[in-house]
Amino acid sequence: MSKIHGMSQSRIYHIWENLIRRGSGKVHRKHYFDKGIHVCERWKDFLQFYQDMGEPPSSRHTIDRIDNTKGYYLDNCRWATMKEQSNNKAAAYKSTQIITIGPRSQCIRDWAIELGIEYYNIMTRIHRDNIPPKVAILLSKTILERNKSGRFGKRFCMRPRRRAGAYR
């Protein structure tokens, strides 16, 4: 028996429908259901979900699981922007580590934006060259500044390394 609530065309109702689909294994089964990501019994009823979560603070907010290894329930969910959600991804752990340089602390992506450094360059140094994140940020900044001033040649550009003799 369905309940009449007059919200079936609302944005929050569609958000709820999508989390029900993810938690039931109807879509993206390997990313949610097979990993044990389920919806609590209470939230299988839209009105209970709505009572717990309320309206999103803005049109930019969507539902986010605080701990991505756990399911959809009140203590593990919040309204978050896409930026907040991208910082909460399990795969993005190294990029969301908080790095302190001087008196300030922020994640790698925010340091890259603030310093005008390519995020890809920092992450390449961390993953490929196994450089600690703080050193990778400072090294990227130094190389960027020296490239702008002409103090480094082309050999410090971030391009794939080639075999000896490959350059003409």
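The values are calculated or read from the model by the stated rules, or taken from the named source; none is laboratory data. Computed from a prediction, not measured in an experiment: that's the story for all the values here. Positions of Cβ are backbone-derived with ideal geometry, glycine not excepted, and every protein chain shown enters the neighbour counts.
In the range 11-24, is there at least one residue being part of a loop (DSSP other than H, G, I, E, B), surrounded by fewer than 17 Cβ atoms within 10 Å (Cβ to Cβ) and without any contact (Cβ under 8 Å) to a residue 12 or more places away in the chain?
Looking through the range 11-24, none of the residues is part of a loop (DSSP other than H, G, I, E, B), surrounded by fewer than 17 Cβ atoms within 10 Å (Cβ to Cβ) and without any contact (Cβ under 8 Å) to a residue 12 or more places away in the chain.
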Sort through 20, 15 and tell me the only one that's under 22 Å from the mean Cα position of the chain (by Cα), aliphatic (A, V, I, L, M) and farther than 20 Å from residue 69 by Cβ. 15
Among the residues of the range 44-63, are any touching a Gly at 6+ places or on another chain (Cβ under 8 Å) and outside the structural domain of residue 109 (by TED's automatic domain parsing)? no
Going through the range 103-135 in order, the residues found to be of a type in the set (Lys, Arg) and surrounded by 17 or more Cβ atoms within 10 Å (Cβ to Cβ) are 109, 125
Within the range 119-131, the residues that are more than 17 Å from residue 86 (Cβ to Cβ) and either in contact (Cβ under 8 Å) with a residue 60 or more places away in the chain or under 20 Å from the mean Cα position of the chain (by Cα) (or both) are 121, 124, 125, 126, 127
